[in-house]
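The block underneath contains the structure these notes are about, expressed in structure tokens.
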Amino acid sequence: MDLAAKEALPGEVWPVVIVGNGPSGICLSYLLSGYTPYLSPEVSHPNPLLYSKLREQPHLPLLEQDLEYLCEGLEGRSSNPVAVLFDSLLLPNGDFGLDHTSSLEWRFEAERAVPHLVLGKGPPGGAWHAMEGSMLTLSLANWMELPGLELKDWMRDKRRNVRNDRATPAEIASYYQHYVSQMSLEPNFARGTTVTSVTREPVGQEGSPPYWRVLGLQRSEGKVLGDASSGPTEVPFSLLAHNVVLATGTHDIPARLGVEGESLPFVCHSFWELEAAISRGELDQSSNPVLVVGAGLSAADAILTAHHLSTPVYHVFRRSVTDPDLIFNQLPKLLYPEYHKVHQMMTLQQCSPSPTPLDPAQDLHTSSTPSVSSSLLPPSSSSISALSPTSSYRGYLSFPRHRVVAFRPDRKCVLESTSGQQTVIQVSKALVLIGAHPNLSFLEDNGRPLGINPHETITCRRNPIHVDPFTNNVAAAGGPGLYAMGPIVGENFVRFLKGGALAIASDLAKRSKEGW
């Protein structure tokens, strides 16, 4: 869609503008396009209390029912009640890996469609397209699919053999892009857009609904004119909207440790830099260890990749391996065996203090490795005990409840435990994979006033945007019309971000009847 032709004219206001075209924005677009969920008359639900509530008004679509009432008593892996509700209806008993039929029936009702725009920098799918180079596979388990198009069925159409219910990130990105085409959502999507400002416009006439102004740039691929061609250009656009939905995800700005030496060339902040180093032949089994900092899935991907190459790994993370908030303690073992393997490595191959200085890389190589010089160790430091030659996972050593104090130009890293003991290790490359921040530069003070803690940077886990749990309306927006969903409100899994789409679509349906 060319937004230059959509310039706001006096009195012309879009009902909804969605900033972000990842799975969050796609799912909301599906619901706003007239696809309406009803309780299926042919399928029951394993939760008898929820099923009895839904049977009270089976003629009403889910969008018109009391979501707070339906959510009462439900428990699940998300802290958002509507996310748990929608997930339990789409994937009954999904936590147990059971393949129950969805309790919902989808009907296309054109009269319920709400005009909307979905703005994104690239093709539909958002950050998934940036992951296309990954060598790793992700568990499907139906968790990443969107309503109306089963991922398993789509995968079978794409290739002959589907083994172990797995797919690559590139296939997931392709699925999301195909979904937009299959569901005829393309007219609602404008790609190549960068939003630069979202501001609330002053209310005009008394009683008129407030609206928002969305400014940005849209990339144009240029035109061929005779024997010459013009290159890509960015064309400004301006839109007015009654409602704006923030669905930007959190992969824009990698989080940093903020320690000395973090900008040195051997320190990286994305998994893809590891893959680039591998493709250049910089890492193999004879390399000095790779330092991986973090305890999330990206860190696990990096560990698995290095382990596959027999490249030794040091793994540093702040939490205990038994911490219930550690992501590995929340994932079903059967659905994510590779991540369970990483958790086993973290548990079984931990460093331990030794009374005498030892080479921390002693058992990480079969060949000789430069030892840690005791003169480099601070007075309060401890060294790492050598691993047993019969260790379960050779070439890996974890440092739970440690943090990085500094990186040095000679590729030595200073680590510190919670007790204050320090250790210096020699590495070939360091990967700091501790999450990412959303790019909310188009909002006042980068969106900080909207967070649970308005004085801190918006982050997925520590300081998400504060929203009403049953409408996803932004609490600090000063009134209706600004929503947020997906990772920026703390929902990391596609499985649960769909609940945000249901909450927003339901609230918009109610407010549209009142004239916004």
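Descriptive notes on the structure:
Here is a yes/no grid of residues against (1) modelled with pLDDT under 50; (2) buried (at least 16 other Cβ atoms within 10 Å of the Cβ); (3) more than 20 Å from the chain's Cα centre (by Cα); (4) within 24 Å of Asp284 (Cα to Cα):
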residue: Val321; (1), (2), (3), (4): no, yes, yes, no
residue: Ile327; (1), (2), (3), (4): no, yes, no, no
residue: Leu335; (1), (2), (3), (4): no, yes, no, no
residue: Leu348; (1), (2), (3), (4): no, no, yes, yes
residue: Pro353; (1), (2), (3), (4): no, no, yes, no
residue: Thr366; (1), (2), (3), (4): yes, no, yes, yes
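- Of all residues in the stretch 476-493, those satisfying the criterion of being in contact with a Leu (Cβ under 8 Å, 6 or more places away or on another chain), farther than 18 Å from Ala241 by Cβ and of a type in the set (A, V, I, L, M, F, W, C) are Ala476, Ile488.
- Selection over the stretch 412-455 of residues that are assigned to a loop (DSSP other than H, G, I, E, B), within 30 Å of Leu119 (Cα to Cα) and either out of contact with any His (no Cβ under 6 Å at 6 or more places or on another chain) or open to solvent by less than 20 Å² (accessible area, probe 1.4 Å) (or both) gives a count of 12.
- Index of the failed condition, Val292 passing every other in (1) touching a helix residue (DSSP H, G or I) at 6+ places or on another chain (Cβ under 6 Å); (2) part of a loop (DSSP other than H, G, I, E, B); (3) farther than 23 Å from Leu497 by Cβ: (2)
- Residue in the stretch 453-462 that is touching a Lys or Arg at 6+ places or on another chain (Cβ under 7 Å), free of Cβ contacts under 8 Å to residues at least 40 places away in the same chain and within 16 Å of Gly20 (Cβ to Cβ) present: yes
- Which listed residue, of Ser29, Ser88, Ser102, is assigned to a loop (DSSP other than H, G, I, E, B) and closer than 25 Å to Glu150 by Cα: Ser102
- The stretch 36-81: number of residues that are part of a helix (DSSP H, G or I), touching a residue at least 60 places away in the same chain (Cβ under 8 Å) and surrounded by fewer than 17 Cβ atoms within 10 Å (Cβ to Cβ): 2
- Residue within the stretch 441-449 that is without any contact (Cβ under 8 Å) to a residue 12 or more places away in the chain, over 21 Å from Glu68 (Cα atoms) and within 15 Å of the chain's Cα centre (by Cα) present: no
- All of (1) open to solvent by 10 Å² or more (accessible area, probe 1.4 Å); (2) over 21 Å from His251 (Cα atoms); (3) assigned to a loop (DSSP other than H, G, I, E, B); (4) touching a strand residue (DSSP E or B) at 6+ places or on another chain (Cβ under 9 Å) hold for His307 with one exception: (3).
- Within the stretch 116-167, restricting attention to residues that are touching a Lys or Arg at 6+ places or on another chain (Cβ under 8 Å) and of a type in the set (A, V, I, L, M), the residue that is modelled with the highest pLDDT is Leu117.
- Residue list for the stretch 233-246, restricted to those being open to solvent by 30 Å² or more (accessible area, probe 1.4 Å) and among the aromatic types (Phe, Trp, Tyr): none
- Taking the numbered list (1) in contact with a Leu (Cβ under 8 Å, 6 or more places away or on another chain); (2) at pLDDT 95 or above in turn, Asn47 passes all entries but (2).
- For Ala361, the criteria (1) open to solvent by less than 10 Å² (accessible area, probe 1.4 Å); (2) modelled with pLDDT under 90; (3) under 27 Å from Phe496 (Cβ atoms) hold in every case but one, which is (3).
- Filtered residues of the stretch 327-350 (kept if outside any helix (DSSP H, G or I) and more than 22 Å from Pro289 (Cβ to Cβ)): Gln330, Leu331, Pro332, Lys333, Leu334, Leu335, Tyr336
- Members of the stretch 247-267 found to be under 20 Å from the mean Cα position of the chain (by Cα) and open to solvent by 20 Å² or more (accessible area, probe 1.4 Å), listed by number: Thr248, His251, Asp252, Ile253, Pro254, Arg256, Leu257
- Condition met for Arg461 (among the basic types (Lys, Arg), open to solvent by 50 Å² or more (accessible area, probe 1.4 Å) and at pLDDT 90 or above): no
- Within the stretch 491-512, residues that are more than 20 Å from Cys460 (Cβ to Cβ) sit with their Cβ atoms under 6 Å from residues that are surrounded by 18 or more Cβ atoms within 10 Å (Cβ to Cβ) and of a type in the set (Ser, Thr, Tyr), at 6+ positions apart or across chains, in these pairs: Asp507/Thr471.
- Residue within the stretch 19-35 that is at pLDDT below 95 and open to solvent by 50 Å² or more (accessible area, probe 1.4 Å) present: no
- Considering the stretch 492-516, the residues that are outside any helix (DSSP H, G or I) and under 16 Å from Asn21 (Cα atoms) include one that is least open to solvent (accessible area, probe 1.4 Å), namely Phe493.
- The stretch 268-282, residues that are open to solvent by 10 Å² or more (accessible area, probe 1.4 Å) and not in a loop (DSSP other than H, G, I, E, B): Phe271, Trp272, Glu273, Glu275, Ala276, Ile278, Ser279
- Scanning the stretch 459-472 for residues that are under 16 Å from Gly500 (Cβ atoms) and part of a loop (DSSP other than H, G, I, E, B) turns up Cys460, Pro464, His466, Asp468, Pro469, Phe470, Thr471, Asn472.
- The stretch 105-133: number of residues that are within 26 Å of the chain's Cα centre (by Cα) and on the phi < 0 side of the Ramachandran plot: 16
- Against the numbered list (1) open to solvent by 60 Å² or more (accessible area, probe 1.4 Å); (2) at pLDDT 95 or above; (3) assigned to a loop (DSSP other than H, G, I, E, B), Arg107 comes up short only at (3).
- Which numbered condition Ala476 misses (of (1) over 24 Å from Leu274 (Cα atoms); (2) part of a loop (DSSP other than H, G, I, E, B); (3) of a type outside the set (Val, Ile, Thr)): (2)
The values are calculated or read from the model by the stated rules, or taken from the named source; none is laboratory data. All values derive from a computational prediction rather than experimental measurement. Here Cβ is always computed from backbone atoms with ideal geometry, including for glycine, and neighbour counts include all displayed protein chains. Remember, those area values only see protein heavy atoms, side chains included, never the ligands or the DNA or RNA. Shrake-Rupley method; radii C 1.70, N 1.55, O 1.52, S 1.80 Å.
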